[in-house]
Amino acid sequence: MRCAIMDDDARERGELEARLRRFYRREEGGEGEEFLHVETFAGGHDFLAAHAPGRFDLMLLDCMLGPGRPDGIAVAREVRARGDRAPLVLVTSSRDFAVDGYGVGAADYLLKPVSYERLAACLLRLGVRRGDQDQAVELRCGTQTLRLDVRRLMRCEARGHYVTLYDVGGDARRVRVGFAELQAALVSYPQMYCCARGQLVNLDYVRELAGGDFVLTDGSRAPIRQRGVAQAKSDWASYLFDRMRGDG
Amino acid sequence: MPVLPQVAYAVSEQLFAVVPAALCVAACWDLPGASRRALIILLATFACLLVASGVACAALRLPSMTLMLPLCLFAVVALKLLSGLSLGPFAMLVATGGFIETAVSYLAIVVDAFVVGDSLSETYLAWPGMATSWALGVACLLGLWRFFRHRMPELLGSKAAGAQFWRLAWVVPALPCAMFVIFTPLETSTLLVRRVGASAAVAVLSSAVLVALYETLLWRMAHQSAELQLATERLHRAELLATQQRGLERRMAQARAARHDLRHHWQTVAALLEAGDVAGARAYVSDREGDRALVEPLRYCENAAVNAVLGYYLGQAIELGAQVDARVNLPATLPQGDGNAVVVLGNLLENAVLALADVPPAERVIKVRANLLEAGDMLVCVDNACATPVVRAADGSFVSTRHEGPAVGTASVRMTAEALGGEARFECDGPTFRASVLLGVAREGRDV
């Protein structure tokens, strides 16, 4: 877990890091320290110089930096402009400043002074523990075992005895596995939705419903069974409402 | 009679059924579930089949009704499938069309009997009847076009008319229609008796007047009900805008008070420090942590209109001592328009705050979530504690707990969501009322 903390106040930076380490010690036991790698930054320039998309799994950015420096929201905007979609938490002395962060898609905001309980609640909600990160499903494909990361799986399409698995990065893998077997393995993941015979779609990546299809964030389409569009629309809305209520 | 005129009369008699069919198609033209292309194809097919049926009837010397009735039945079933109308309103439409067809035909027979007299054919109408039926048909088409094209859809889609209304409404035009079919004389010579013919003509004309009055009154009722609903909706929107204004004024008053209090706090802290009472100054500052001016957020999101509504209602919830949990992530401009977001959030929050007032203080909880999806769709969830059980009417809508009649707020939210291609759900889960709303963005080819 690679985490970045950006705050111009050394004391607050240190306290936040200590609470972060405490959380991982509590949640991950002895291995927590090994799992967590924290980098701290005193200003936006330092942070942006070190930042690259994918380098950090979590970023805690102070909203209000000193005069003459880019504020946390400007830094967050730059992070997103670089194509980094990692969870980003704004740390602020007043929530009124965090409100301006709409465009940066901040996962949460923390009010200073950041209490351990509030930080822990935020981290639990973001699902940044080792167990949360690992949404892997193992499937037997003939003599081999296939490991699927459900978080990265966008959709699955069955043709005959084969299923093509489409990943977030645009990768497509064709594996010999029964569709019913795959569906049974993914049944505990509410985001995986069977929209037609031989079609599974990850609702986290659905952008909209158009022309009787689910349109995904990469522009690809997953067809919906005939006469099932209204039901699929209702099921998608239910999933979105549940996810939002759970603050996902 | 020579063959050619006989064919012409038979075809003409049958083809007249296109007039009421065209009026019925006009009424279905703008229905959301109907395909205009399919309706045109149905009308053209029906006309072709009627011509063929007319030729067949002339060739086989069959009365027109023999083949025309099954053809009309086919057209009715096809129109039902294509229009997507539910059975009650559709029965009303077909009964009205049927009434026009039978009334004109009956009147044409009577005119035929009066003019042609003893040489009346028992199988088809002669030229006076034919001329009368087509003259009346054209008059109906021109005179009733506006009613069928614009007023009938409004009547059929009226929300003021429930299932029970539609179960009976169609009987009034259907009854004279059935009577004309039953009482069409098998031997038209009976109409030559002057009293019988005159009575038949009076019966047709008086029933036509009654049916026209009945349908006009129904449309007036539906129209006024829709206007009343629209006015209520407008009034509600105006109230929400006023709420938004009150929210802004309240914020300004709070800011003024906070500035005044701040000066007072500085003076107090300065006095304590001058007296060397550092612990007292610290305690004083610590006590101020819980001040409402610090606890209550000034802003909930970037959108000014939504912010004002949230500030107003959540401020009231905070005043009630409720536990407020609000996460609203909305940009400065919304694809759905600020007005729609204000209507939805304003109605939901107004209901929520009213419900919180009835709950014991320790149980007052409100949770608000609002977000925009990547494609611009807006999600809103408002969950609040409630004490009064939710009452639903027979049609599933909510009954107001504050006044008599239906709940305006939830109906307004549902209407706004559905107008934007979204949906609104309301559930009462034990002591919690949960409202979930999806507001879509209208775009070509979108299902949401």
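FYI, it's all coordinate maths here, none of it is from the lab. Please read these numbers as outputs of a predicted model, since none were measured by experiment. Heads up, the Cβs are rebuilt from the backbone with ideal geometry, glycines too, and the neighbour counts pull from every protein chain shown.
Taking Cα centre as origin and charging only the Cβ of basic (Lys, Arg, +1) and acidic (Asp, Glu, -1) residues, the dipole magnitude of segment A:2-132 rounds to 240 debye. Local charge for B:Thr243 was computed over the other residues whose Cβ lies under 11 Å away, with Lys and Arg +1 and Asp and Glu -1, and equals 0. Residue order for B:Ser133, B:Ser207, A:Ser115, fewest other beta carbons within 10 angstrom first, comes to A:Ser115, B:Ser207, B:Ser133. What fraction of the DSSP beta bridges in chain A is antiparallel, stated in percent and rounded to the nearest 5? Taking every DSSP beta bridge with both residues in chain A, the antiparallel ones total about 65 percent. Peptide A:208-215 has a mean of 5 when you count, residue by residue, the C-beta atoms of other protein chains within 10 Å of its C-beta. Over the C-alpha trace of segment B:3-228, radius of gyration and Dmax come out as 17.9, 60 angstrom.
The angle between the Cα long axis of helix B:171-183 and the main principal axis of chain B comes to about 10°, on a 0 to 90 degree scale.
When the Cα positions of B:Val211, B:Leu107, A:Gly105 are compared along the charge dipole of the protein assembly as shown, B:Leu107 comes out farthest toward the positive end, with charges on each C-beta of Lys, Arg, Asp and Glu.
Find me the longest stretch of chain B that has none of the exposed trypsin sites (Lys or Arg not before Pro), where exposed means in a DSSP loop (not H, G, I, E or B) with at most 16 other Cβ atoms within 10 Å.
Answer from the scan: B:160-401.
Across chain B, Cα-Cα distances exceeding 36 Å account for 51% of all pairs. Relative to the longest principal axis of the Cα atoms of chain B, helix B:194-274 runs at roughly 10 degrees. Each of A:Asp213, B:Asp287 was scored by other Cβ atoms within 10 Å of its Cβ. Arranged with the fewest first, they read B:Asp287, A:Asp213.
If one takes the longest principal axis of the Cα atoms in chain B, at what angle in degrees, from 0 to 90 and to the nearest 10, does the Cα axis of helix B:127-146 lie? Helix B:127-146 sits at roughly 10 degrees to that axis. Residues A:Ser188, B:Ser35 in ascending order of nearby Cβ atoms (within 10 Å, fewest first): A:Ser188, B:Ser35. Under a cut-off of 15 Å between alpha-carbon atoms, report the aspartates and glutamates in cross-link reach of A:Lys112, not counting same-chain residues fewer than 8 places apart. Here the aspartates and glutamates satisfying the reach criterion relative to A:Lys112 are A:Asp7, A:Asp8, A:Asp9, A:Glu12, A:Glu15, A:Glu17, A:Asp62, A:Asp96, B:Glu289.
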